[in-house]
Amino acid sequence: MPWELSHGDIERIAIGAGILGTGGGGNPYRGMVRAQLQLEEGYRLTVIRLDELPDDALVVPLGGMGAPTIGLEKIGRGDEGRVAVQALESYLGVRIAATVPVEIGGANSFAPMIAAAQLGLPTVDADGMGRAFPEASMITYYFDGVAPSPVVMVDCQHRKFIIENVEDTRMLERVSRQICVQLGGSAMVADAPMTAKRLRETAIPGTITLAHRVGDAVLGAQQRGDDPVAAVCAVTAGRVLFSGKVTDLDRRVERGYNFGRLTLAGFGDWQGSTATIDLQNEFLICRVDGQIVAIIPDLITLVDSERGTPVTTEVVRYGLRVTVLGIPAPEQLTTERALQYVGPQAFGYDEPYIPLA
């Protein structure tokens, strides 16, 4: 049965997607405001399950590309997704039945919903990461290595680029990233449509619903005066890796990504200890006193220690008191094939993937 989102639903999804997004996927507050604005303008944001579409229905994966800091600073038009989907329909001569997120992180959870609302379509309750990752080759839909070409890229000035005849996902990432950089560091990308049957075989299901549950747990704990961090762990099977204050931050934009490292000084149970977290748009590796306690593709996410709300890579700053959570990755990310695309070696690390205990 289709799910019509309310203002409250959108707030809950924003909090949950920000937490599941491991620091990336676009700013969740900005995504929330843009989605709520659609309701105020009379649009309906509709979410459906994977099994609510016929096998041959065409679904477009959609999401924003760029460094999170640029995505926060650069104001978009709000209809880039709609324009990208319409351009893809026109180019291929097809009709799209629904959109689906490429990732559940932050604002990118809402990008396909907003485009679908403007087109009068639903969005499928699933995504291709169960978190956020920085590269297009890291989407479960494409773990066979075949690029989703043609793709359409649209920026805030409605400049459109169609990339076709690219067979390899890593090559597609390199080409599209360079275009994104030349467009000012952010763009909306609509991938080639896939059938609902194919989507069911490759997607991580129910992640919009999961984000809603996480956000609801945070808000419920706040209202009751309970510990929102514990509430997040209860919903996600996560655990606390570290709590402390941000004492140093190296964050820079290179090649269309945010790169860097943050350092935290511990408090409470971690008094006297130090944690470091590497980032490339998202948080990648957490070390406590030099020892790795979590590593990609498991989810490493920062939340405000008092409120349990997400702290993303573009807003984390000196002095913030945060709790670092580790959440087990969806099983689709931990297979031998998947680790070729999303494991530590895919990011240039020599360390093996050791699942969260």
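The values are calculated or read from the model by the stated rules, or taken from the named source; none is laboratory data. Remember, it's a predicted structure, so these values are computed and weren't measured experimentally. Quick reminder, even Gly has a Cβ in these numbers, built from the backbone with ideal geometry, and neighbours come from all protein chains shown. For the accessible areas, the whole protein counts, side chains as well, though only heavy atoms, and no ligand, DNA or RNA atoms are used. Shrake-Rupley method; radii C 1.70, N 1.55, O 1.52, S 1.80 Å.
Most simply put, the chain has about 90% antiparallel DSSP beta bridges, counting only bridges with both residues inside it.
Computed over protein heavy atoms with a 1.4 Å probe, the accessible surface of region 301-353 works out to 48 Å² per residue.
Considering region 286-336 at the alpha-carbon level, its Rg and Dmax are found to be 12.7, 39 Å.
The value given for region 36-89 is a Kirkwood hydrodynamic radius of 14.1 Å, derived from the mean inverse Cα-Cα separation.
Rounded to the nearest angstrom and listed largest first, the equivalent-ellipsoid semi-axes of region 121-176 from its Cα gyration tensor are 19, 17, 11. Panel values: region 7-49, Kirkwood radius from alpha carbon pairs, Stokes-Einstein at 37 °C and 0.692 mPa s, translational diffusion coefficient 302 µm²/s. With everything on Cα atoms, drop me the angle between helix 7-20 and the longest principal axis of the chain, reported from 0 to 90° to the nearest 10. Approximately 60 degrees, to the nearest 10.
With the convex hull of the Cα atoms taken as the outline of region 71-190, the averaged projected area works out to 6.9 nm². The angle separating the long axis of helix 207-224 from the principal Cα axis of greatest extent in the chain is about 40 degrees. Taking N as the residue count of region 24-134, its C-alpha radius of gyration divided by 2.2 N^0.38 Å amounts to 1.01. What the phi angles of region 228-236 give under the Karplus curve with 6.51, -1.76 and 1.60, with θ = phi - 60°, is a coupling list of x, 5, 5, 5, 4, 4, 5, 6, 9 Hz, glycine and proline written as x. Using only alpha-carbon positions in region 205-299, the gyration tensor eigenvalues give semi-axes of 25, 19, 12 Å once each is multiplied by 5 and square-rooted (largest first). Under the simplified labelling scheme, the residue 234-residue 167 pair shows an inter-label distance of 5.3 nm, with each label point 7 Å from Cα along Cα→Cβ.
On a 0 to 90° scale, report how tilted helix 28-40 is relative to the longest principal axis of the chain, with both axes built from alpha carbons and the result rounded to the nearest 10. For 28-40 against the chain, the angle is about 40 degrees. Probing with 1.4 Å while keeping every protein chain in the model, the per residue accessible area of region 213-252 equals 46 Å². Can you tell me what share of the DSSP beta bridges in region 51-172 is antiparallel? A percent to the nearest 5 is fine. Rounded to the nearest five, the antiparallel share is 50 percent.
Accessible surface of the chain, 1.4 Å probe: 49 percent of it comes from carbon and sulfur atoms.
Sorted from longest to shortest, the spans of the Cα atoms of region 184-225 along the three principal axes equal 46, 36, 10 Å. Cα centroid separation, region 104-163 to region 50-96: 6 Å. In this simple spin-label approximation, residue 245 and residue 267 carry label points 7 Å from Cα along the Cα→Cβ vector, and these lie 0.6 nm apart.
Take the alpha carbon atoms of region 60-107, find their radius of gyration, then divide it by 2.2 N^0.38 Å using N residues; give the quotient. After normalising by residue count via 2.2 N^0.38 Å, the value is 1.30. The residues of region 116-197 expose on average 34 square angstrom of accessible surface per residue, using a 1.4 Å probe on protein heavy atoms.
Expressed in units of 2.2 N^0.38 Å, where N is the residue count, the Cα radius of gyration of region 247-319 is 1.08.
Surface calculation, 1.4 Å probe, protein heavy atoms: residue 261 sits at approximately 110 Å² accessible.
Using the Kirkwood radius over C-alpha pairs as Rh, can you work out the diffusion coefficient of region 213-357 via Stokes-Einstein at 10 °C, viscosity 1.306 mPa s, in µm² per second? Estimated diffusion coefficient is 101 µm²/s. The coefficient of translational diffusion for the chain, derived via Stokes-Einstein from the alpha carbon Kirkwood radius under 25 °C and 0.890 mPa s, stands at 123 µm²/s.
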